[in-house]
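Single-structure report; data block below.
The values are calculated or read from the model by the stated rules, or taken from the named source; none is laboratory data. Source: prediction; values computed, not measured. When we count neighbours, we look across all protein chains shown, and the Cβ atoms used for this are built from the backbone with ideal geometry, even at glycine.
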Amino acid sequence: MKKTIIMVVLLAALILAGCSQTTNTQIEDKEMKISVVTTLFPLYEFAREVGGDKVDVNLLLPPGSEPHSFEPKPSDIKIIAEADAFIYIGEMMEPWAHDILEGSNNEELQVIDASSLVTLLESDHHDEHHDDHEDEEHDEEHEEDDEHHDEHTVEEECLEHEGTWVEEHEECEGISEEVCDELGGEFNECGSACRNDPSTAICTLQCVLVCSFEEHEEEHHDDHEDGEHEDEHEEDDHHHGEHDPHIWLDLSNDQEIVDEIVRVFSLLDSENSKVYEENAEAYKAKLAALDQRYKTELSECEQDEFIVGGHNFFSYIEERYEIEGISAIENLEPNTEPTPKRIKEITDIAEEHGIKYILTEVLISKQMAEAIASEAGAEVLTFNPAPNLPKEDFDKGVTFISVMEDNLETLKKALECE
């Protein structure tokens, strides 16, 4: 009986020891892994490709969400504070990151600011190309307008063209679109013409021709400011020329980012530095091959420009692959609305240059692209700038490389490449 008890006790001890050893090994393996937090999907893929099974990578941006409006939750801040490495694009893409990093008590946290590794392009970089679309006659008209505005106020010009000046809204009502353009205003065929009727004190809605001069008045007013004020405006203009944050769309930039990830991972885990270097070289080879495909396959096309029915995200694609992009929304905010004048400009360009396709983004509404395509008799194609993936694609394991391969096919179709 005693022998039986002893045997049972010994067996139990062996089992417990085995479990304890397994548990300790699992904990040790887990502790050996580098904890990494990334903001956007491309960075998430780069870190996983370099680190392999030696890292735990957390994508901060929930799949399917739009990155431009993302704000981290307290739980996200905690994840960053407890990580070994944090990888983000930079202040221009994640303005919230600076305060979080400043307030972090984790002095060991390794931070990779990807924007510091590459040559940044201005957000209005593509506008340099658009000068070709403006003829000399148009430039002369603007010069004449400037001279004309020096002699007359906008209100006088409105009255001279038999319009009705509305001081409260800085609008001239009842003039044609041609006259509105000549005066440098913004035309709205059925503007905000809800006016109080003095006889009845009732607000009646009327569909009238409205020419707005609010922006023009500011420009005209600037001409009369002293030198010091002009310097301030020059600084403001420079501020608004922010850098395009979509640096990952230049595949050569991605290779620079991968190299920095290798350096940081090797610093955190020197024993596996060789693994990180080999993983990086294999992935960079894929990026380099795709980069070459873009250069080769976009080099002989019927068109050399494409139209996006959304915001400007393509400066790096333009610069790297020598093509030209035109966006309905000229700034970096994807949820803003283009003016009717801008939509007409885009439609005219599409018709004039025989552009058959309008690009739209995956995570942005297609409504604007469809409206432009309808006016121009064009077809809508989907392009994914890939800061994030739709949830179904993320769950399927879609990669950044495969997204960029699809984007290449989309650009080839849009540009009518051979």
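Looking at the structure I just gave you, is Y316 over 18 Å from the mean Cα position of the chain (by Cα), in a helix (DSSP H, G or I), of a type in the set (F, W, Y) and modelled with pLDDT of 95 or more?
Values: over 18 Å from the mean Cα position of the chain (by Cα): no; in a helix (DSSP H, G or I): yes; of a type in the set (F, W, Y): yes; modelled with pLDDT of 95 or more: yes.
Here the answer is no, as Y316 does not meet what is asked.
All but one of (1) closer than 20 Å to D181 by Cα; (2) modelled with pLDDT under 85 hold for E345; which doesn't?
It is condition (2) that E345 fails.
Would you tally the residues in segment 167-181 being assigned to a helix (DSSP H, G or I) and over 21 Å from P338 (Cα atoms)?
First pass over segment 167-181, keeping only residues assigned to a helix (DSSP H, G or I): 167-169, 177-181.
Of the ones still in play, those that are also over 21 Å from P338 (Cα atoms) are 167-168, 179.
Residues in segment 167-181 being assigned to a helix (DSSP H, G or I) and over 21 Å from P338 (Cα atoms): 3 in total.
Each row is one residue, and each column tells you yes or no for (1) modelled with pLDDT of 95 or more; (2) in a helix (DSSP H, G or I); (3) on the phi < 0 side of the Ramachandran plot.
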site	(1), (2), (3)
H238	no, yes, yes
N253	yes, yes, yes
E277	yes, yes, yes
Y283	yes, yes, yes
Q292	yes, yes, yes
Q303	no, no, yes
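Suppose the filter is of a type outside the set (V, I, T), closer than 30 Å to G377 by Cα, at pLDDT 95 or above and buried (at least 19 other Cβ atoms within 10 Å of the Cβ); does L298 pass it?
It is true that L298 is of a type outside the set (V, I, T), closer than 30 Å to G377 by Cα, at pLDDT 95 or above and buried (at least 19 other Cβ atoms within 10 Å of the Cβ).
Go through (1) closer than 28 Å to V362 by Cα; (2) touching a helix residue (DSSP H, G or I) at 6+ places or on another chain (Cβ under 8 Å); (3) of a type in the set (A, V, I, L, M, F, W, C) one by one and return the number of the condition I100 breaks.
Unmet condition: (1).
Residue check: is I358 closer than 17 Å to E324 by Cα, outside any loop (DSSP other than H, G, I, E, B), of a type in the set (V, I, T) and touching a residue at least 40 places away in the same chain (Cβ under 8 Å)? Reasoning before the result, please.
Working: closer than 17 Å to E324 by Cα: yes; outside any loop (DSSP other than H, G, I, E, B): yes; of a type in the set (V, I, T): yes; touching a residue at least 40 places away in the same chain (Cβ under 8 Å): yes.
Yes.
Could you tell me whether any residue of segment 268-281 is among the charged types (D, E, K, R), touching a residue at least 24 places away in the same chain (Cβ under 8 Å) and not assigned by TED's automatic domain parsing to the domain that holds F400?
Step one: of segment 268-281, the residues among the charged types (D, E, K, R) are 269, 271, 274, 277-278, 281.
Cutting the leftovers down to touching a residue at least 24 places away in the same chain (Cβ under 8 Å) gives us 269.
From what is left, the residues that are not assigned by TED's automatic domain parsing to the domain that holds F400 are 269.
Yes.
Among the numbered criteria (1) modelled with pLDDT of 95 or more; (2) within 25 Å of the chain's Cα centre (by Cα); (3) in a loop (DSSP other than H, G, I, E, B), which one does A83 miss?
With respect to (1) modelled with pLDDT of 95 or more; (2) within 25 Å of the chain's Cα centre (by Cα); (3) in a loop (DSSP other than H, G, I, E, B), A83 is out only on (2).
Just checking, does segment 212-222 include any residue being touching a His at 6+ places or on another chain (Cβ under 8 Å), at pLDDT 50 or above and surrounded by 14 or more Cβ atoms within 10 Å (Cβ to Cβ)?
Yes - at least one qualifying residue is present in segment 212-222.
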